[in-house]
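Engineer: Would you mind keeping the following structure in view while I ask a few things?
Every number here is computed from the coordinates shown, using simple stated rules; none is lab data. Treat the numbers as computed from the prediction; the structure is a model and nothing was measured. Here the Cβ positions follow ideal geometry from the backbone for every residue, glycine too, while neighbour counts run over all protein chains shown.
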Amino acid sequence: MYGPLIGLLYRGSFQKHSPDDREYWGKYEGLFSIIFNIILFGIKMVVGLMSGSIAVMADAVHTLSDVGSSFGVFFGFKMAYRPADCKHPYGHGRIEHVATLGVSFLLFLTGFEFIKSSLRSIASGKAVESSLLFILAVAGSILLKEFMAQVSFYLGEKIHSETLKADGWHHRSDALSSILVLFTFIFPGIDGYLGIGVALFIIWSGFDIARRAVSMLIGEQPSKELLGQLKEFVRSFDFVEGLHDIIVNNYGGLTILSMHVELDSSLSFEKAHYYSEMIEEKLDETFNVKSVVHIDPVDKQDPFLNEVSQSLSELLKKFDYVDSFHDLRKIGIKRVNIILDLSTRRAISRKEKEAIRIFLLEELHSLYPVIKNVIIKFEPLFSY
């Protein structure tokens, strides 16, 4: 329904600014939302004052609070792309989430204030005036709000911005709350109760936005889609034997990526270093990141290690929380120490770690008597 309008609105701009220009499109969406929210606030407040509807006025203030949220998006993107400095060497990308968190607290306050107003309306029993003009005005605001949501979703997909998508959900929540307001005119006498409903919707919006902002500030795991793309890309190099320990740190406009890449141990130091720099350069260019590639030498020609690797794959199936192992190596000939890194799907206790080690040592020793010890390095959960 809204596709042609969105395309018409942004077609010319996309010819001048590519989807990679995240700062431009973030501020564009913020300014677009500010203008339309102010227009909608004016329409709803006039309707609310003329009809005497607390629910409509609550909905109007909800829309006005969206202006603050859109300002947060606009200035968040503006400040997020300020250059890095000595105090903030990773840039200012997370300011966007800080601003969003501030707006969420304003939503909480607005919601609680309108709960009090709605309770007063219920107590007074004041009737709400209704007319076709009022109903059409609210219905029009619902369509416009959904259009704004579609624009935010569209741009969020274009520039891969969770913030713009969240703003889209904010617009949609306003459209849904306006649908509740329509019942004010259809069923007189429930204005105060619907006002409470709208207020609770405002509070929920504030909570949801705060939850997302806090989650991003704390640091979220990379998406399975991104991890899959990274693994597929690196494995496409014919000299790569494997990869692990992928770590992704997102600072808004800057993403720092590190990983361990396995290369044949027979390669010279110079050749392995050349390959690592080649992978870094290609990763930075393809995924718009700053990457660091650590090289792990692996010996795929050692028949003993190959047998031990197959045995480990079977033995570790006993532990459903074990994800994978890598960096398998040995020290010694007559008395062999086996060393490996282990990744788990959840945090495990020291007792569980020791149980895995003892189990592997006993089983491997029974299969290969030369194995006298097993040393395991357990990877952190942020390493994939």
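Engineer: Considering the chain as a Gaussian network with a 10 Å cut-off on Cα pairs, which listed residue, N37, N249, N306, attains the greatest mean-square fluctuation?
Structural biologist: Answer for the Gaussian network model of the chain: N306.
Engineer: For segment 224-378, what number results from the quotient of the Cα radius of gyration and 2.2 N^0.38 Å?
Structural biologist: Segment 224-378 yields a ratio of 1.16.
Engineer: What residues have an amide H closer than 5 Å to that of T255, excluding those fewer than 5 places away on the same chain, when H is modeled at 1.01 Å from N in the peptide plane?
Structural biologist: K290
Engineer: Please list, ordered by chain and number, the residues whose modelled amide H lies under 5 Å from the amide H of D323; skip anything fewer than 5 residues away on the same chain.
Structural biologist: Amide H to amide H, under 5 Å and 5 or more residues apart or across chains, D323 pairs with S343, T344, R345.
Engineer: Normalised by the residues of the chain, what does the relative contact order come to in percent, with Cα pairs under 8 Å and at least six apart?
Structural biologist: About 13 percent, as a whole number.
Engineer: First select every other residue whose beta carbon is under 14 angstrom from the beta carbon of G68; then total the charges, Lys and Arg +1, Asp and Glu -1.
Structural biologist: Neighbour charge sum, excluding G68 itself: -3.
Engineer: Counting alpha carbon pairs within less than 8 Å and at least 6 residues apart, what relative contact order, in whole percent, applies to segment 224-378? Can you show the working numbers first?
Structural biologist: On the way: 204 pairs, mean separation 23.7, N = 155.
Contact order relative to length: 15 percent.
Engineer: Which entries of K27/K165; K44/K158; K27/K158 have Cα-Cα distances beyond 21 Å here?
Structural biologist: Over 21 Å Cα-Cα: K44/K158.
Engineer: If we count every other residue with Cβ under 12 angstrom of Y251's Cβ, Lys/Arg +1 and Asp/Glu -1, where does the sum land?
Structural biologist: My count for the surroundings of Y251 gives +1.
Engineer: As a test of the formula, what do you get for the chain when each DSSP H run with n ≥ 4 contributes -39,500 (n - 2.57) and the sum is divided by the residue count, at 222 nm and rounded to the nearest 500 deg cm²/dmol?
Structural biologist: -22000 deg cm²/dmol
Engineer: Only one of the values [x] 0.97; [y] 1.36; [z] 1.19 was calculated from this structure for Cα Rg over 2.2 N^0.38 Å; name its label.
Structural biologist: The calculated read-out lines up with [y].
Engineer: Most fluctuating residue of H160, H260, H88 in a GNM of the chain with Cα springs under 10 Å: which is it?
Structural biologist: H88
Engineer: So which of K271/K318; K87/K351; K78/K282; K78/K224 end up more than 31 Å apart, counting from Cα to Cα?
Structural biologist: Table pairs above 31 Å Cα-Cα are K271/K318; K87/K351.
Engineer: Apply the membrane-span-like helix rule to the chain: whole DSSP H runs, Cα extent along the own long axis of at least 15 Å, mean Kyte-Doolittle hydropathy at least 0.0. List the helices found.
Structural biologist: Going by DSSP H runs, the hits are 3-16, 22-51, 54-80, 95-124, 132-159, 162-186, 191-218, 303-315.
Engineer: Enter the mean projected area of the convex hull around the alpha-carbon atoms of segment 269-354, in nm², rounded to one decimal.
Structural biologist: Approximately 8.5 nm², given one-decimal rounding.
Engineer: Further question on the same structure: Can you check what the net charge comes to around A272, using other residues whose Cβ is under 11 Å from the Cβ of A272 (Lys, Arg +1; Asp, Glu -1)?
Structural biologist: -4
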